[in-house]
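Asker: Sharing a structure here in structure tokens format.
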Amino acid sequence: MKINKKFFISGVLLIFIGITIGLIISSKFNFQTKGYSEDYQISREAQETLSKFGNAMAEVVQAVRPSVVNIYTTKKIRRPGLPFPFHDPFFRRFFDEEFRRFFEHPREFTQTSLGSGVIVDSANGYILTNYHVIKGADEIKVKLYDKRVFDGTVIGYDAKTDLAVIKIKADRLRAIKWGDSDKLKPGETVIAIGNPYGLNLTVTSGIVSATGRANVGIADYEDFIQTDAAINPGNSGGPLVNIKGELIGINTAIFSTTGGYQGIGFAIPSNIAKIVMDNLIKHKKVIRGWLGVTVMDVDSELAKANKMKEVKGAVITDVIEGSPAEKAKLQMKDIIIKFDGKEVEDAAHLRNLVVSTPPGKTVQLEIIRNNQSYSLNVTIEELPSDQKISALQSPLAGIYVEELTPKLRNQLNIPKRINGVVISSIEPGSPAEGVLRKGDIIMEINNEKINNIKDFFNVSNQIKGRAIIWFYRNGVVSYITLDTGR
């Protein structure tokens with residue numbers, strides 16, 4: 001058979017090209033495979049860096065763990081006998097004697113719970129923990145790092161900060177070192193140690209997510225450290241430490257919708273915890289400072305009106321008669337920007353600074369009054385048991401007012417220092433509906449004092465844009481920035 005020379009040559013060329021392409025692909029694949037197996041290895045430098053970091057964390061944990069304790073509490077709960085109508089012959093037909101006896105007779109249950117704590121004084125056996133860990137406990141057991149178990153005695157507690165001090169009689173205790181929580185910055189590495197879910201001495205790590213967290217709803221006085229170190233039920237009362245192994249916080253709570261860790265945990269700063277602890281040990285109670293003002297946060301409009309560069313500070317909405325603030329000549333509308341050399345972030349921050357100040361100490365305040373800066377001294381006194389700081393907000397629109405007559409003043413129990421007009425009703429559908437209330441006293445609008453109805457309408461008619469309104473309600477003077485829409 002005769003072969004076509006042209007087709008034969010073409011076929012040979014195609015075969016040659018195919019073999020060449022195959023060799024190239026094979027060579028490239030083998031090179032890449034070789035690269036994956038030989039080139040992608042962990043360098044010695046990376047291994048050494050990770051090894052140093054791991055060893056450093058392990059050293060911190062080894063130094064701190066002997067100071068951490070597990071706290072087990074038991075509480076007896078007595079359920080009173082329930083009134084049961086089964087003595088009536090009609091009911092006795094349907095329920096036997098054993099069933100009736102179960103409900104009618106008192107029953108006693110034992111409730112157990114667990115938490116954590118940290119040794120803060122080895123000589124005296126003092127342990128710091130959360131109040132909610134030992135609240136209502138009939139018996140407290142403390143388990144140490146070396147597995148010894150001791151009875152715990154409550155020295156004192158403070159429900160307002162959720163802190164408590166207990167004591168054990170034991171030797172060979174190791175107290176933790178105190179750190180300065182005021183120096184903490186977001187991003188710093190922290191370690192949490194505790195007893196979550198009964199798992200002894202569990203260690204987790206993370207960073208400081210934020211400081212100065214308030215209005216969380218956990219305690220009356222809040223200035224929390226927020227961290228993403230895993231904190232779970234049972235961690236409460238355990239230490240949060242820095243990379244030096246120093247106590248910088250007491251783990252208190254988590255923010256969770258499931259009951260477990262979701263990346264947001266809170267700890268009480270060590271500086272606050274130490275003040276509370278020292279008070280509990282020395283006085284069996286916490287002695288707090290008192291300035292005698294009600295305050296609110298400064299908003300952007302108020303800051304602009306006072307020519308402030310930053311929206312910071314706390315504005316005084318009322319000065320309590322006979323208080324340290326009144327003695328120091330502080331006035332309503334003064335904006336406190338510094339307290340004892342520390343910048344005031346907001347109303348909550350000022351409150352924490354004041355209550356942490358020992359009564360009798362004289363501190364310097366920096367304030368803004370009528371767009372001018374002033375410095376003055378005030379001597380802090382002890383917080384009376386019936387005093388508290390509060391604030392509220394409400395807009396002013398669509399309202400009707402009447403004169404504050406002597407009769408109304410007596411009926412509404414309005415102090416003599418308060419002057420203005422009384423809200424008699426609020427127009428349905430207005431911005432004020434559901435916020436302002438009948439009986440509120442409008443005292444001032446845009447720095448113009450309101451003494452009567454004439455003043456109210458004269459000032460109200462001149463408002464264009466936003467207005468800063470001051471009013472009195474239930475013993476509290478407050479302000480709000482209102483967009484009038486004009």
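Throughout, read-outs are computed from the coordinates displayed, never taken from laboratory work. Just so we're clear, the structure is a prediction, and the values are computed from it rather than from any experiment. A quick note on method: Cβ atoms are made from the backbone with ideal geometry, for glycine too, and the neighbour counts reach across all protein chains shown.
Asker: Assuming 0.36 nm per residue, please report the length gained on full extension of the stretch residue 169 to residue 452 beyond their Cα-Cα distance.
Answerer: 95.0 nm
Asker: Are there any chymotrypsin sites (Phe, Trp or Tyr not before Pro) in segment 225-330 that are in a DSSP loop and have at most 16 other Cβ atoms within 10 Å? List them by number.
Answerer: When the chymotrypsin sites (Phe, Trp or Tyr not before Pro) of segment 225-330 are filtered for loop state and at most 16 Cβ neighbours within 10 Å, 255 remain.
Asker: Shifting gears a bit: How high is the FRET efficiency between residue 382 and residue 41 when r is their beta carbon distance and R₀ equals 41 Å, given to the nearest 0.05?
Answerer: So the FRET efficiency works out to roughly 0.05.
Asker: At 20 °C and 1.002 mPa s, what whole-number value in µm²/s does Stokes-Einstein give for the translational diffusion of segment 120-239, with Rh from the Kirkwood sum over Cα pairs?
Answerer: 137
Asker: Just to be sure I understand the model, the point goes 7 Å from the Cα along the line to the Cβ. What's the resulting residue 342 to residue 147 distance in nm?
Answerer: Once both label points are built, they end up 4.4 nm from each other.
Asker: Pop a pseudo-label 7 angstrom from the Cα along the beta-carbon direction at both residue 154 and residue 370 and give the gap in nm to one decimal.
Answerer: 5.3
Asker: Once you place label points 7 Å from the Cα toward the Cβ at residue 327 and residue 111, how far apart are they in nm?
Answerer: 4.4
Asker: A 29 angstrom limit on the alpha carbon distance is what I want to check against. Which of 75/147; 309/454; 333/464; 244/338; 160/282 exceed it?
Answerer: Pairs exceeding the cut-off: 309/454; 244/338.
Asker: Here is a further query. List the trypsin sites (Lys or Arg not before Pro) within segment 292-358 that DSSP assigns to loop and that have no more than 12 neighbouring Cβ atoms inside 10 Å.
Answerer: Of the trypsin sites (Lys or Arg not before Pro), the ones in loops of segment 292-358 whose Cβ has at most 12 other Cβ atoms within 10 Å are 307, 309, 329.
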